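A.B. asks: Can you keep this structure in mind? I'll have questions shortly.
No value in this document is a laboratory result; all are computed from the given coordinates. Just so it is clear, the model here is predicted, and its values are computed rather than measured. Cβ sites come from the backbone with ideal geometry, for glycine too, and all protein chains shown count toward neighbours.
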Amino acid sequence: MNHNQQLNEVKHEDESALTDFLASLIDYTPTIPDELVEHYLAKSGFQCPDVRLIRLVAVATQKFVSEVATEALQQCKARQATVVRDKKDKQQRDKRLIMNMDDLSKALQEYGVNAKHQEYFADSPSAGMESAPRDE
Amino acid sequence: MSDGGGGESVKEIESCLKKRRKHDEFAQAIARIAVAQVCEGVGFQGFQQSALDRLSDVACKYILEIGKTSKFYANLAGRTECNVFDIVQGLEDLSLPQGFVGASDRDHCLSGSGLIKEISQYVSLSEEIGFAYSVPSFPVIKERNSTPSFLQAGETPPTDAIPPWLPRFPDPKTYTYSSMPSADMEETQMRPDRIEQEHKVLEPPSSRLEQLWACSESELPLVIDQGDNVGRERGSNPFLNTPLQPGEKEISLVSLPAKLKEEDMVQNHGLWANHVSALNTFGPANQAVKSCGCDAEEGSRKVLLNNRPALQMKFHIGKKSLDIANRHNYKGKEEVASWFVNDDVGDAKEKRTEKLPREPMDIEEHTGNDSVVN
């Protein structure tokens with residue numbers, strides 16, 4: 001009985017936490033606007049009139065984007081750290097932090113999104129294959 | 001070869017992608033701004049355009065994925081509307097590769113999910129950055145004015161076979177020939193297609209028509225007059241008027257030179273359109289030619305309208321002589337086909353020069369010969 005009571009209490013706490021969180025979402029304005037989220041959710045077939053759920057999705061997306069961006073920022077800073085030389089120390093550090101495709105693709109790789117660029121493009125499927133007999 | 005083929009397919013793919021993007025440009029632009037703001041909050045000071053596009057694209061796809069998975073869980077539970085637990089389950093599915101607290105728990109309660117705690121932590125810790133612009137609700141749905149049903153309009157359907165809840169029939173004024181322009185201004189503007197059908201229908205005349213008949217001097221078909229009036233009703237757009245019937249308007253005829261036969265003009269008419277530009281080498285003579293040519297075209301059109309001369313194909317070998325009229329007869333419609341054969345390129349140029357009116361003939365004759373020599 002105690003165990004059950006404890007479980008019930010825990011459940012109530014969780015539910016209250018959830019409801020409190022949803023209530024707090026009404027005050028919090030996510031950076032991603034509600035209209036945009038509604039548009040894409042409608043595209044995927046998501047039907048819900050509740051604004052709090054829209055905000056929940058918006059916040060979840062914002063969290064995802066910020067995590068990817070943080071990862072990319074770390075990559076950017078790591079690259080700058082390796083490039084820095086002793087004499088040009090200040091010049092390198094003052095450089096602006098710009099999001100590159102390289103950093104972004106590495107960051108997205110962590111999250112399971114393959115966004116790599118091709119390293120090189122061949123002219124034709126047989127490029128480089130003819131050179132072998134020619135060398136002979 | 002392979003590059004060309006590959007290039008073309010790439011272009012097709014690009015054009016398809018561009019068409020797809022055009023439908024969603026507004027939403028993608030907003031997503032770009034929002035993502036840029038989030039990244040700025042994280043610490044970035046600048047973006048590569050392609051990197052920003054890529055990240056905003058991924059964010060939009062993430063929203064789509066959440067919607068899809070939530071909808072899936074709602075449908076699984078036999079519902080069409082999603083609730084918070086569907087969203088939590090969807091988010092958990094998407095976050096499994098990353099992991100969250102309690103992901104390995106088999107029977108954890110959704111309301112106590114680690115994901116919710118993480119998100120609430122993020123909300124409490126992060127700065128609240130509002131979106132930079134005020135976004136209108138989109139997509140904007142255009143309101144359609146549907147035709148009211150018989151019941152709504154208070155009418156009874158003409159036959160019993162038609163149920164009254166169906167939309168009512170259109171106003172007979174719109175498809176029968178009649179009516180004052182002021183009264184029917186709105187109707188004619190709303191249904192321009194019907195008006196075009198009016199032209200072809202001869203209805204018993206109304207009072208307005210009788211007035212028109214009294215006014216008009218020429219004996220023209222009713223349809224044409226009404227067409228003109230209707231055209232005027234529609235804001236006097238000359239391009240929407242009915243075409244004039246032959247003989248309706250008096251046009252001054254061009255006096256054709258005596259030497260030119262009607263047959264030649266019939267042949268020339270089609271050829272002028274294609275090869276006027278090719279005569280640029282002939283300089284000042286060309287301008288005279290063009291002006292004559294335009295008149296000649298009109299004259300030929302009049303000739304065509306009045307009577308179509310029979311094309312006479314006289315097959316005999318023509319020399320490069322003044323016997324040009326016979327030359328025209330020889331070539332006839334074979335000219336067009338022959339021009340595509342490389343052998344006759346020189347001959348083609350010669351033919352073009354020879355079709356010029358005879359008045360400045362001396363000049364053309366020489367230049368024609370020059371072109372052939374070259």
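A.B. asks: Filtering region A:96-121 down to residues that are in a loop (DSSP other than H, G, I, E, B), over 17 Å from B:Phe47 (Cβ atoms) and within 9 Å of chain B (Cβ to nearest Cβ), which residue is nearest to the chain's Cα centre (by Cα)?
C.D. replies: A:Tyr111
A.B. asks: In addition: What number goes with the only condition from (1) more than 8 Å from chain B (Cβ to nearest Cβ); (2) of a type outside the set (D, E, K, R); (3) more than 30 Å from B:Glu40 (Cβ to Cβ) that A:Ile26 does not pass?
C.D. replies: (3)
A.B. asks: Go through B:Ala103, B:Ala77, B:Ala132 for me and flag whichever is under 23 Å from A:Pro49 (Cβ atoms) and either within 14 Å of chain A (Cβ to nearest Cβ) or surrounded by 14 or more Cβ atoms within 10 Å (Cβ to Cβ) (or both).
C.D. replies: So the residue among B:Ala103, B:Ala77, B:Ala132 that is under 23 Å from A:Pro49 (Cβ atoms) and either within 14 Å of chain A (Cβ to nearest Cβ) or surrounded by 14 or more Cβ atoms within 10 Å (Cβ to Cβ) (or both) is B:Ala77.
A.B. asks: Okay, moving on. Consider B:Gln45 against the criteria (1) free of Cβ contacts under 8 Å to residues at least 24 places away in the same chain; (2) farther than 26 Å from B:Glu92 by Cβ; (3) more than 7 Å from every other protein chain (Cβ to nearest Cβ); (4) not small (Gly, Ala, Ser): it satisfies all of them except one. Which criterion is unmet?
C.D. replies: Just one mismatch for B:Gln45, condition (3).
A.B. asks: Here's another thing I want to ask about it. Could you pull out the residue among B:Gln152, B:Gln121, B:Gln89, B:Gln98 that is away from chain A (no Cβ under 13 Å) and either free of Cβ contacts under 8 Å to residues at least 60 places away in the same chain or under 39 Å from the mean Cα position of the chain (by Cα) (or both)?
C.D. replies: B:Gln152
A.B. asks: Would you tally the residues in region A:29-63 being more than 7 Å from chain B (Cβ to nearest Cβ) and either surrounded by 15 or more Cβ atoms within 10 Å (Cβ to Cβ) or not in a helix (DSSP H, G or I) (or both)? Give the derivation first.
C.D. replies: Keep residues of region A:29-63 that are more than 7 Å from chain B (Cβ to nearest Cβ), which gives A:30, A:34, A:38, A:42, A:49-52, A:54-55, A:58.
Now narrow it down to the ones that are either surrounded by 15 or more Cβ atoms within 10 Å (Cβ to Cβ) or not in a helix (DSSP H, G or I) (or both): A:30, A:34, A:38, A:49-50, A:52, A:54-55, A:58.
Count: 9.
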